[in-house]
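See below for the structure under consideration.
The values are calculated or read from the model by the stated rules, or taken from the named source; none is laboratory data. The structure presented is a predicted model; accordingly, all values stated were derived computationally and were not measured. Every residue, glycine among them, receives a Cβ derived from its backbone with ideal geometry; neighbour counts consider all protein chains shown. In case anyone asks, the SASA skips ligands and DNA or RNA and just uses the protein heavy atoms, side chains included. Shrake-Rupley method; radii C 1.70, N 1.55, O 1.52, S 1.80 Å.
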Amino acid sequence: MTQDDDEFEGIHISGPWGGVRIGSGGVRVGRDFIHDDDRDVRQARRRVREQLNFYRNLAYFVVIVGVLALLDWSTGGGWWVQWVAAIWGGVLALQFLSQFVAPNLWGREVEERMVARELERRRGRVIITPPPASTSVPPADRRDDSD
């Protein structure tokens with residue numbers, strides 16, 4: 001397997017019997033790992049994995065903070081769970097912004113559109129409309145020297 005075949009992050013052990021991958025996606029054992037030769041497919045797959053990772057973290061947040069809130073409520077504590085929820089929620093908010101909002105503001109697609117627009121402008125393909133002709137300058141006053 002070459003390095004360009006897959007952008008797997010983790011340990012990959014392969015042999016004649018198949019292979020084992022241990023990484024952020026868990027453990028996978030088998031002969032046929034998915035290899036995407038297309039760079040766009042690999043990037044899309046990575047983006048989807050990151051989005052699914054956010055949803056997984058959000059689910060963990062809801063379950064764990066919910067259990068901690070029940071524990072805090074049952075012990076009659078001083079609602080210390082709010083600090084856990086606030087800090088973890090802040091981290092989740094940053095992850096949400098970087099995953100869903102930032103790519104739409106300054107991601108690769110936005111950069112490509114801006115580069116294409118700049119190249120068209122520099123090549124003179126963008127038509128800049130001149131100001132309307134109705135704003136003409138009044139003629140200068142004529143003086144008759146025949147007085």
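Only residues that are at pLDDT 80 or above and either under 30 Å from Arg45 (Cβ atoms) or among the acidic types (Asp, Glu) (or both): list them for the stretch 109-147, please.
Result: Glu109, Val110, Glu111, Glu112, Arg113, Met114, Val115, Ala116, Arg117, Glu118, Leu119, Glu120.
When Ala102 is tested against (1) open to solvent by less than 50 Å² (accessible area, probe 1.4 Å); (2) of a type in the set (A, V, I, L, M); (3) modelled with pLDDT of 90 or more, only condition (3) is not met.
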